[in-house]
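The values are calculated or read from the model by the stated rules, or taken from the named source; none is laboratory data. This one's a predicted model, so the numbers in the text were calculated from it and none came from an experiment. Methodologically, a virtual Cβ is constructed for each residue, glycine included, from the backbone with ideal geometry; neighbour enumeration extends over all protein chains shown.
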Amino acid sequence: MRKFAKYYIITLILEIMFRKTIAFIGAVAAVASLWAADPYKVTMPLGADYDGAMVYIRNFDTGADIDSTLVAEGAAVFRGTMDEPVPARLIIDGQPGPMFILEPGSMSFNGRSAFGSPLNDAFAAALDSLRAIGANYNAAPDDNARQAIIDRYNQFQIDLMNANLDNPIGYFMLVQNAADMPNEQIKETMAKSPLLANSKRVTNIIAMNERKAATGVGSKYVDFDIDGQKLSDYVGKDGKYLLVDFWASWCGPCIRQTAVIKDLYKKYADKLNVLGVAVWDEPDATRRAIESHGLTWPCILNAQSVPTDLYGITGIPCIMLIAPDGTIVSRDKQSEELCADVAKYLE
């Protein structure tokens with residue numbers, strides 16, 4: 001159930017189509033491969049409050065900026081030419097925006113979903129299918145029925161990935177699922193497609209999986225130093241357990257987990273310390289979030305990707321519980337599961 005919930009949240013980024021639509025997407029991709037140096041137009045409605053802000057189109061795989069523009073009259077509008085579709089992301093006033101496929105044609109956004117071009121329209125259509133899957137899951141009469149839906153859901157992802165290994169849809173599907181795939185399976189999938197074989201991000205995921213395995217439950221924590229602040233300054237302090245929250249101000253699930261952490265911090269004040277580590281975020285934005293959400297524990301600012309690279313963290317929030325002797329006793333748990341782990345060791 002937890003795995004399904006994870007997929008359900010992130011599918012606004014990578015939306016899944018029903019089996020009957022997979023062939024359609026493959027056909028769209030075949031047409032897309034014929035384009036060469038064709039024009040594109042990308043329009044991102046943002047509102048007048050963003051006028052004057054800088055917005056970038058960034059290659060999601062390499063991190064290279066493809067195009068940039070200033071917001072005017074409430075919208076960021078890009079125009080250019082390209083040879084082939086590219087997995088992309090908007091960076092809006094320094095913050096990560098929606099992912100999409102930059103391709104020839106005219107694209108706009110409805111919330112976090114792009115539409116108006118062939119591949120992006122396929123993703124937009126997939127959202128309806130995803131909602132139907134979610135509705136079936138919530139209405140399922142028992143655990144067996146829910147598991148059957150999970151199995152069907154996961155199989156759609158695999159089918160969609162395998163049908164589109166030579167285009168950004170297959171790329172996005174591999175990126176979404178790679179953190180839960182054995183590295184050997186990832187490598188086998190990459191070998192089937194030049195697009196995937198040359199992927200910087202997927203190669204990094206393989207390395208991140210290795211680091212995650214090396215810093216899992218039962219392992220000793222790995223120290224890091226951010227502007228003179230070390231994790232080791234907090235581990236075992238006063239003989240207490242340490243709850244480490246890797247988070248960012250722009251991350252909605254991170255903010256929701258702060259309420260859980262507040263309760264744990266209050267309940268186990270005599271046995272538990274809490275440390276925030278702000279990753280992938282700007283220090284001023286982190287400070288504002290700390291103040292607005294009333295976070296009273298210390299926080300290491302501007303850690304960026306230093307700790308996430310060390311620990312193989314591919315998504316946040318990532319919350320760890322470290323024993324006084326430096327052993328990681330819980331990792332990647334949230335809400336009720338996090339509370340249960342903390343209670344297991346502190347009660």
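Within region 236-342, which strands (runs of 3 or more DSSP E) (wholly inside it) include 2 or more residues that are over 22 Å from the mean Cα position of the chain (by Cα)? I'd like the intermediate steps shown before the answer.
Details: elements: 241-247, 272-278, 318-322, 328-331.
In region 236-342, the matching strands (runs of 3 or more DSSP E) lie at 241-247, 272-278, 328-331.
Is it true that some residue in region 189-212 is among the polar types (S, T, N, Q), surrounded by 14 or more Cβ atoms within 10 Å (Cβ to Cβ) and at pLDDT 95 or above? Give the steps one after another, and end with the answer.
Going residue by residue through region 189-212, those that are among the polar types (S, T, N, Q) are 189, 193, 198-199, 203-204, 209.
Cutting the leftovers down to surrounded by 14 or more Cβ atoms within 10 Å (Cβ to Cβ) gives us 189, 193, 199, 203-204, 209.
Within this subset, residues satisfying the condition of being at pLDDT 95 or above are none.
No, there is no match, as no residue in region 189-212 is among the polar types (S, T, N, Q), surrounded by 14 or more Cβ atoms within 10 Å (Cβ to Cβ) and at pLDDT 95 or above.
What pairs come out if I take residues in region 326-347 that are over 14 Å from Lys271 (Cα atoms) and pair them with residues that are among the hydrophobic types (A, V, I, L, M, F, W, C) and outside any strand (DSSP E or B) whose C-beta lies under 6 Å away, six or more apart or interchain?
Qualifying pairs under 6 Å: Gly326/Val235; Ile328/Val217; Val329/Ala323; Arg331/Val217; Ser335/Val260.
Just wondering, is there one or more residues in region 90-99 that are hydrophobic (A, V, I, L, M, F, W, C) and in contact (Cβ under 8 Å) with a residue 60 or more places away in the chain?
Just the residues of region 90-99 that are hydrophobic (A, V, I, L, M, F, W, C), to begin with: 90-92, 99.
Filter again for in contact (Cβ under 8 Å) with a residue 60 or more places away in the chain, leaving 99.
Yes: region 90-99 contains one or more residues that are hydrophobic (A, V, I, L, M, F, W, C) and in contact (Cβ under 8 Å) with a residue 60 or more places away in the chain.
Looking at region 224-235, which of its residues are assigned to a loop (DSSP other than H, G, I, E, B) and out of contact with any strand residue (DSSP E or B) (no Cβ under 6 Å at 6 or more places or on another chain)? I'd like the intermediate steps shown before the answer.
Of region 224-235, the ones assigned to a loop (DSSP other than H, G, I, E, B) are 224, 227-228, 234-235.
Phe224, Asp227, Gly228 - these are the residues of region 224-235 that are assigned to a loop (DSSP other than H, G, I, E, B) and out of contact with any strand residue (DSSP E or B) (no Cβ under 6 Å at 6 or more places or on another chain).
Name the single residue that is farthest from Cys251 (Cα to Cα) among those in region 301-332 being in contact with a Ser or Thr (Cβ under 6 Å, 6 or more places away or on another chain) and aliphatic (A, V, I, L, M).
Start the filter on region 301-332 by keeping residues that are in contact with a Ser or Thr (Cβ under 6 Å, 6 or more places away or on another chain), which leaves 301, 311, 321, 328.
From what is left, the residues that are aliphatic (A, V, I, L, M) are 301, 321, 328.
Numbers: Leu301: 15, Leu321: 20, Ile328: 24 Å.
That would be Ile328.
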